[in-house]
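Just below is one structure, and these are the notes that go with it.
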Amino acid sequence: MRCRKCAADAAVEIRRHHTAFCSEHFLEFFERQVARAIEHERMFTPEDRVLVAVSGGKDSLALWDVLRRLGYPTTGLYINLGIGEYSAESQRKTLAYAEAANAELLLADIPGEYGMNVEELARATHRVACSACGLSKRYLFNKVARDGGFAAVATGHNLDDEAAVLLGNLLHWQTEYLARQAPVLESTHPTLVKKVKPFFRIAERETAAYAIIRGIDYIVDECPNSVGARSLLYKEALNVLEQAAPGTKQSLYWGFLEHGRPLVQGREPVDLRACLHCGQPTTGEVCAFCRMTERAAERMRLRRAGGARVTTSPA
Amino acid sequence: MKVLIRHQKREVEVRGARRVRELLAELGINPESVLVIRGAALLTHDTRVGDEDTVELRPVISGGVA
């Protein structure tokens, strides 16, 4: 197979575009796709400061790398979730990248800040670990971005991530979630920072290929809590379809953005206010993150006070 | 050839030259779910690999959808 641009041996085939590229021209293609997405969707401008949510995985490190190369002023944010060796390794990879690239990195530490890791927060509030983790990350992305005066939070969600979430939302007709699924979530309240997904046009194979070609040392192993996650099942199902019919994932997600989303927009709750405890955006009086951490702290306090029996209800 | 299947944390020995797509089919791995690496180079599915090669099948699926 030959590179479409220079006829050298190809390194990456992109079946949905009926094309292939050598390493050099794949990087060119990749960066152009990201630049187009940012400009077309008006995600941010070269004058905006962007907070990049970095996990140490391929997508987020590739995103940080490409945004820096495109000349956007970025700062990374790594959140220590306290998930044993997985968190320790992902933090090492993130710190090594930041140091080698001489890039600014902020660190948030959930066990250090809240006295327990996300698995303990989940257990204390009868959530599954991924729920407590997702809630904590969304909260801290927004809080750090707002406190630091960033114009937007950028995450490494790619086409496969978005197509899998969409499939899950469709299978269960989660119309509120469908309405909120977009490459750009604008700020709809003074406390809410804009969220953007510059990789929404790019397949997961391509973000991994970018990271490998650029020599980015990312954490390959998955979070131990993601074993058996429904999102992985949806990705596998979509990959079966993609293998048989290249372009399926793109058609599903891009088609939704063009034809489906306009039908469900306006169903999301828009009545946001500032949390009475922390000032972050919420639809109630106290945000879900404060409810979770306060319940978990109360449970820990009672345990330390003498092992009293405590019952909790889901946050 | 040596094939390191990273996400299954195992290594298998496969004899005989063949194309990457044939190798993946024999191992029952969806080509959409992995990248195939030889040395520092990414291989497309029509590349031939042989007995002297060591290739890594690196998963591209990540579950961090929060």
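Of the residues B:G39, B:G16, B:G28, the single one that is open to solvent by 20 Å² or more (accessible area, probe 1.4 Å) and within 28 Å of A:L233 (Cα to Cα) is B:G28. Does at least one position in region A:46-56 carry a residue that is under 26 Å from A:L238 (Cα atoms), within 13 Å of another protein chain (Cβ to nearest Cβ) and not in a strand (DSSP E or B)? Yes, region A:46-56 contains a residue that is under 26 Å from A:L238 (Cα atoms), within 13 Å of another protein chain (Cβ to nearest Cβ) and not in a strand (DSSP E or B).
When A:E47, A:E24 are screened for being within 21 Å of A:L77 (Cα to Cα) and surrounded by fewer than 19 Cβ atoms within 10 Å (Cβ to Cβ), only A:E47 passes.
Pick out, from chain B, the strands (runs of 3 or more DSSP E) lying fully within it that include 3 or more residues that are of a type outside the set (V, I, T) and within 11 Å of chain A (Cβ to nearest Cβ). Result: B:41-43, B:54-59. In region A:133-149, the residues that are β-branched (V, I, T) form Cβ pairs under 9 Å with partners that are open to solvent by 30 Å² or more (accessible area, probe 1.4 Å), at six or more places apart or across chains, as follows: A:V144/A:L106. Residues that are more than 28 Å from A:D48 (Cβ to Cβ), within 9 Å of chain B (Cβ to nearest Cβ) and either assigned to a helix (DSSP H, G or I) or open to solvent by 10 Å² or more (accessible area, probe 1.4 Å) (or both): does region A:157-167 have at least one? Scanning region A:157-167 turns up at least one residue that is more than 28 Å from A:D48 (Cβ to Cβ), within 9 Å of chain B (Cβ to nearest Cβ) and either assigned to a helix (DSSP H, G or I) or open to solvent by 10 Å² or more (accessible area, probe 1.4 Å) (or both).
Candidates are the residues of region A:109-125 that are of a type in the set (G, A, S) and surrounded by fewer than 18 Cβ atoms within 10 Å (Cβ to Cβ); the one that is nearest to A:R69 (Cα to Cα) is A:G112.
The values are calculated or read from the model by the stated rules, or taken from the named source; none is laboratory data. What you are looking at is a predicted structure, and each value in this text was computed from that prediction instead of being measured. Don't worry about glycine lacking a Cβ; one is built from the backbone with ideal geometry, like all the others, and counts go over all protein chains shown. Calculation scope for accessible area: heavy atoms of the full protein, side chains included, ligands and nucleic acids excluded. Shrake-Rupley method; radii C 1.70, N 1.55, O 1.52, S 1.80 Å.
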